[in-house]
1. Can you order the peptides 58-65, 81-88, 43-50 by their average number of other Cβ atoms within 10 Å per residue, highest first?
2. Which of the lysines could a cross-linker span from Lys27 if the Cα-Cα distance has to be under 29 Å and same-chain partners fewer than 8 positions apart are dropped?
3. For Arg13, put the label point 7 Å out on the Cα→Cβ axis and report which residues of the stretch 54-96 keep their amide N under 14 Å from it.
4. So what are the ³J(HN,Hα) numbers for the stretch 62-73, from phi and the Karplus equation (6.51, -1.76, 1.60; θ = phi - 60°), rounded to whole Hz, Gly and Pro as x?
5. Report, as a whole number in µm² per second, the diffusion coefficient that Stokes-Einstein gives for the stretch 1-49 at 25 °C and 0.890 mPa s using the Kirkwood radius over alpha carbon pairs.
Amino acid sequence: MTAIAVVTTVASRKEARTLAHALVEAKLAACAQISRIESIYPWKGAIEHGKEYRVLFKTLDEHYPAVERAIRELHSYELPAIHAFPMMHVSEAYAAWIEENIRA
């Protein structure tokens, strides 16, 4: 099993916490981390600049489709950023903890 980090961004701390709690409680993610960030990006012909919150979910590769679906269902953005990357060189004990806290 491959541990992955799934990342999305949202507009408010409240939405970040809602997503984090929902996915951890549903056992789709073993952990969710919330960080305040600054984003600059083009959107509908204008360059946008604003504060956002990044939510990083620790999960398993096989659960990515369900994690993405849950994020899309709860997300307020028209086009949410949702992407994942593998966790390289994860300690054996930590990888086991992630697996224990994800639904089978």
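Every number in this text was worked out from the coordinates using simple rules, so none of it is lab data. Computed from a prediction, not measured in an experiment: that's the story for all the values here. Note that we place each Cβ from the backbone using ideal geometry, even for glycine, and neighbour counts take in every protein chain shown.
1. 58-65, 81-88, 43-50
2. Result set, ordered by chain and number: Lys14, Lys51, Lys58.
3. Answer for the stretch 54-96: 54.
4. Per residue, the Karplus-derived 3J(HN,Hα) values read 5, 9, 3, x, 5, 5, 4, 4, 5, 4, 4, 5 Hz.
5. D, rounded to a whole number, is 193 µm²/s.
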